[in-house]
Every structure is written in structure tokens, then in C-alpha cells.
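Input: one structure, supplied below.
The values are calculated or read from the model by the stated rules, or taken from the named source; none is laboratory data. This is a predicted model, so every value here is computed, not measured. Here the Cβ positions follow ideal geometry from the backbone for every residue, glycine too, while neighbour counts run over all protein chains shown. Just so you know, the surface numbers come from the protein's heavy atoms only, side chains and all, with ligands and any DNA or RNA stripped out. Shrake-Rupley method; radii C 1.70, N 1.55, O 1.52, S 1.80 Å.
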Amino acid sequence: MIAGHWDVVVVGARIAGAATAWALAPYAKKILVVDASQATSFWPQQSTWDRDGALLWADLGLHETVLACGAPPTYGHTFRADGEVTEQDYPRQDAYSYRMTAPREVLDPALLRAAQSRNNVTVLRPARVRDIAIQGGRVQGVTVRHQGAEHPVSCDLLVLADGRLSRNADRVGAVPYQVIPSPWVAMLAYFADLPLPSDRGYICLQRDNVAISTPCGPRQWCVSTDMHQAMLDASGRHPAQEFARIIAEDPHLGPAVAAGRRISPVGGAGKLRMQRRPMSGPGWCLVGDAGYHLDPVVARGTKAALVAAQLLRDRVAAAGEVRGAILEGLTEQRDAAMQPDWELAEQACLPAPSRV
Ligand SMILES: Cc1cc2nc3c(=O)[nH]c(=O)nc-3n(C[C@H](O)[C@H](O)[C@H](O)COP(=O)(O)OP(=O)(O)OC[C@H]3O[C@@H](n4cnc5c(N)ncnc54)[C@H](O)[C@@H]3O)c2cc1C
């Protein structure tokens, strides 16, 4: 039975939505998670985190869940720039001092299974939220479209985790207060059986592109490039063709990829915009890319999603229940926590002459 009252409705069932549903479940009677996509969709996006991300997973009680996804921890990377190759090791402070990259096709379902294991979390998929009921300036509920029927539901809290193109964020009036167009086109594909180390990544920095490989599973690697739009415009080639060229010409990745096999389509995204929206308002809260979208070039989207989930969880935990939670000031808290990451991404998106 979909119609009726839910303490929380979460729109979006991927990193941000699944982690938030998991984190709020102890404080709610019933949570409804709605996602428009098929569970089996291929998402040409990565999830990467460093020590701060691992600590966030642990704080949310999801560290074991993400480790069980089978991505190997990495402890450094080979770095190539201007023909110079150096080995960079990550500082070893504790058990969380690693970098990890998990394919979304593995990570997102694992997070959702964890949320569903809470017993008070119901997942509806594929189902879409299009209409939001607002009365007296406060969100009262949503209409869920599922299997051709419309289901009106009411809720105490609407969590929008529906990604960077969220129309629902517009509907609740979460107007972006900072937007930075990105010049980068991010492309990636997954490969198996590459003759590369499984505990180290690789980054090659060139003037108008970056090529990266990261171990992401048993004998599996994610190979990605960030390409400057000006480079693509000059070449006139499709981003997938440029992706193949950059990888083939790379002295480290070219021979490795030739010896292994590609196990996913090549996909990605371009013409992106970094964007910050208010994190909360009366009866609603934004988590993940919906409220805070960083350019993928800095690989901090996972951290942003986890920071928002943690902040919201803390407010609800302080109240002991969803209904009484005070959501004011979350925007400032989130922005302060993410400021170094935002500045890094902003710097990467500046016009080329300003980037040092
Ligand atoms: C090419 C690329 C590479 C990236 N690499 C990295 C990286 O290395 N490291 C990193 O940390 N981040 C990376 N990112 C960013 C990362 O993928 C995002 O930050 C992350 O996916 C955000 O998760 P999310 O849950 O907020 O939103 P999403 O993953 O976008 O999920 C939103 C969900 O909401 C659903 N939805 C949308 N509208 C509705 C609706 N009306 N009703 C119901 N459901 C709806 C969608 O179907 C979708 O499942 C990359 C992104 C791209 C594009």
C-alpha cells in the first residue's frame, strides 16, 4: 500500500538516497524510497573516496557494507606530468587511510539492500515523483507515479536525492545560489585483467586532459578521462573516440588496456555545471548532487553525498524523531564542511590560463 502517510519520502535510491534512508531509519516508523530508474541500469559514473570518505561511511554505519563490495583499497598512485613519473603514497594514519573506487552497479544496490534490511524502509522502483504538495509554504507530500497509477502520499520530511538535474528541487523552491559551468567532459569504462597493480592507481596530467586508472574490483579497473571541451572542439571527434585515443597513447595505460578487455560500454557526461542549492526548507531536505554538485574532475561527489546524509541524520538524531528535527542552518554547515572540495573543483573549472 503506497498511499497514506510516511515519516520520510526519499526521492532517488542511489548513493545519497540509499545512504540517507539507511541513516534515518532508526528514527522513523516508515520510510518510502522512490527511484525512477531500473535497478540494472549502467551508470557511467564512479564513486571514489579517501580517508575522509571512509570515516563518513564508518560514522553512518556503512563501512562494512562498502568494503564488502570487493573494491581493493589503494595506498598510492603513479603520477605522470610533463613526462616525469613519480610514485605518490597516501599518508598511513589508521585503518581508514586508503582510497577506494567502487562501480556504481555494485555500490548503489549494496547500499539499497542495507537500507531495506532496516525493515521499515520500502523501495518502489521504477517509480517517479513529479508533483509535490506544498501548503502554507511547507511540503506536505508528493504524488508517486508507479505502474501507470498516481499515488498521493503525505510525509513529515521529503528528502530529494534525485541527482544534479533534480526538477523536484526547483519545485520546492531550492534555487541555486552558485552555478559554475564546467569545461570538462568526463568519460569512463570498466576493464578486466589489466596487467596493472591492484593496490595503486595511476594519474596522468596533461594540459587539456587527465587520464586515470583505479582498481575497482577483483581484477577490474575503472579507466577514466577528463577532457577539456576546447580540446574536443578542436579535434571535432566524439568524446568516446578521444577517450580511446588518450588511453591508447598513454605509455602506462595503452599497453595495459591492449592486454586486457573492456567489460562495460564507454560512457560519461559533459556540459556539466557545478551547483549549490540551499540544503533544507520547511519539510524538505536535499542530499547528494541534487543540492551540491561538484565537477567529477575532483571525484568528490561521494563525499558531498555522505556529508549531507550525516548532517541530516545528526539533526534527526538530536530530535529523536523525524517530525521534531530542526533543519535550519544545514546549508551553512554543509558548505563549511565541503569548502576545500568546492574550491578545488572551482579552480579546476576556471578558464585554462588561470589554472596553474
Ligand atoms: C562521469 C562521472 C564520473 C564521476 N566520477 C566520480 C568519482 O570518481 N568519484 C566520486 O565521488 N564521484 C564521481 N562522480 C559524481 C558522482 O557520480 C555523483 O556525485 C553521485 O552519483 C551523486 O549521487 P546521488 O545519489 O546524489 O545522485 P544520482 O546518482 O544522480 O542518483 C539520482 C537518482 O534519482 C533518480 N531520480 C531522478 N529523478 C527522479 C524522480 N523524479 N523520481 C524518482 N527518482 C528520480 C534517478 O533515477 C537516480 O537513480 C562522477 C560523475 C560522473 C558523471
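Testing A325 on (1) over 14 Å from I180 (Cα atoms); (2) within 16 Å of the chain's Cα centre (by Cα), one condition comes back false. Which one is that?
(2)
Against the conditions (1) within 15 Å of the ligand (Cβ to nearest atom); (2) open to solvent by less than 50 Å² (accessible area, probe 1.4 Å), where does R300 fall short? Just the number, please.
Failed condition: (2).
Would you tally the residues in region 41-83 being open to solvent by 20 Å² or more (accessible area, probe 1.4 Å), part of a loop (DSSP other than H, G, I, E, B) and more than 20 Å from A21 (Cα to Cα)?
12
Within region 110-126, can you find the residues that are open to solvent by 40 Å² or more (accessible area, probe 1.4 Å) and either within 12 Å of the ligand (Cβ to nearest atom) or within 11 Å of V33 (Cβ to Cβ) (or both)?
Those that are open to solvent by 40 Å² or more (accessible area, probe 1.4 Å) and either within 12 Å of the ligand (Cβ to nearest atom) or within 11 Å of V33 (Cβ to Cβ) (or both): Q116, R118, T122, R125, P126.
Further, regarding this structure: Any idea which of (1) farther than 21 Å from W43 by Cβ; (2) under 20 Å from the mean Cα position of the chain (by Cα); (3) not aromatic (F, W, Y) is the one L196 doesn't satisfy?
Checking L196 against (1) farther than 21 Å from W43 by Cβ; (2) under 20 Å from the mean Cα position of the chain (by Cα); (3) not aromatic (F, W, Y), the one that fails is (2).
Any idea which residue in region 135-146 is farthest from D35 (Cα to Cα), counting only those that are touching a Pro at 6+ places or on another chain (Cβ under 9 Å) and open to solvent by less than 80 Å² (accessible area, probe 1.4 Å)?
In this case the residue turns out to be G137.
Could you list, ordered by first residue, the pairs with Cβ atoms under 9 Å in which the first is in region 325-348 and in the same structural domain as R277 (by TED's automatic domain parsing) and farther than 14 Å from R277 by Cα and the second is of a type in the set (D, E) and in a loop (DSSP other than H, G, I, E, B), at least 6 apart or interchain?
Close Cβ pairs (under 9 Å, with a partner that is of a type in the set (D, E) and in a loop (DSSP other than H, G, I, E, B)) amount to A345/D295; E346/D295; A348/D295.
Right, another one. Pull up region 127-159, narrow it to residues that are more than 15 Å from K30 (Cα to Cα) and charged (D, E, K, R), then point me to the one that is farthest from the ligand (Cβ to nearest atom).
R138
Which of the numbered conditions does P195 fail, given that it passes all the others? Conditions: (1) open to solvent by 20 Å² or more (accessible area, probe 1.4 Å); (2) closer than 25 Å to E242 by Cα; (3) touching a strand residue (DSSP E or B) at 6+ places or on another chain (Cβ under 7 Å).
(3)
Table: residues versus (1) within 16 Å of the ligand (Cβ to nearest atom); (2) under 16 Å from W184 (Cα atoms); (3) in contact with a His (Cβ under 9 Å, 6 or more places away or on another chain); (4) open to solvent by 10 Å² or more (accessible area, probe 1.4 Å).
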residue	(1), (2), (3), (4)
Q206	no, yes, no, yes
I212	yes, yes, yes, yes
G217	yes, no, no, no
H228	yes, yes, no, yes
G236	no, yes, no, yes
E242	yes, yes, no, no
A259	no, no, no, yes
G270	yes, yes, no, yes
P282	no, no, no, yes
